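One structure is given below, encoded as structure tokens.
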Amino acid sequence: MESLETLLALLRQNDLKITPQRRVILELLIEDDSHPTADGIYQRVLAVMPDVSRTTVYNTLRELVHLGVLAEVQEVSGDGLRYDTRTGPHHHLFCTRCHTLIDIIRDFEGIILSPEETAGYRIMKHQVTFYGLCPECQKREIN
């Protein structure tokens with residue numbers, strides 16, 4: 001994710017006010033590569049800014065996705081939509097027990113669908129997610 005100064009400049013360029021709430025949300029996201037849910041972000045903002053509304057957080061996240069600063073990771077765990085601060089092409093590893101989601105920066109050769117396989121869809125992006133148990137959950141399984 002870009003620096004705070006760069007992100008604030010992007011907001012200004014898009015005629016979005018630099019509110020204290022937006023600033024806190026950006027500061028939290030810059031430090032976070034855990035792919036948090038909107039509610040997780042809301043809870044963290046609430047701890048710092050008790051009067052923030054859930055709507056403000058959700059609207060800000062939607063704006064950041066629209067600006068290309070955040071990427072949505074479609075539901076992988078039943079916890080709902082998650083947000084990724086890495087917006088370039090990449091893939092994920094997902095722990096089915098603790099729901100940790102981490103990035104894989106690797107191009108998988110051959111993941112191209114033929115016109116017949118796309119069934120008329122216009123492919124916008126693709127993402128591979130590997131599901132398994134993270135090292136910590138494997139340790140707990142043994143003990």
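The values are calculated or read from the model by the stated rules, or taken from the named source; none is laboratory data. This one's a predicted model, so the numbers in the text were calculated from it and none came from an experiment. Heads up, the Cβs are rebuilt from the backbone with ideal geometry, glycines too, and the neighbour counts pull from every protein chain shown.
Does residue 7 fit the bill of being within 15 Å of the chain's Cα centre (by Cα) and within 19 Å of residue 83 (Cα to Cα)? Judged against the criteria, residue 7 is not a match.
In the range 60-84, the residue that is modelled with the lowest pLDDT out of those that are under 13 Å from the mean Cα position of the chain (by Cα) and at positive phi is 80. From the set of residues in the range 1-55 that are of a type in the set (Lys, Arg) and part of a helix (DSSP H, G or I), which is surrounded by the most Cβ atoms within 10 Å (Cβ to Cβ)? Taking the candidates together, the pick is 22. When the residues of the range 21-59 are filtered to those that are polar (S, T, N, Q) and within 13 Å of the chain's Cα centre (by Cα), which remaining residue is nearest to residue 84 (Cα to Cα)? Looking at residues that are polar (S, T, N, Q) and within 13 Å of the chain's Cα centre (by Cα), I get 34. Every residue in the range 112-130 that is under 25 Å from residue 71 (Cβ atoms), over 17 Å from the mean Cα position of the chain (by Cα) and hydroxyl-bearing (Ser, Thr, Tyr), please. Matches in the range 112-130: 118, 121.
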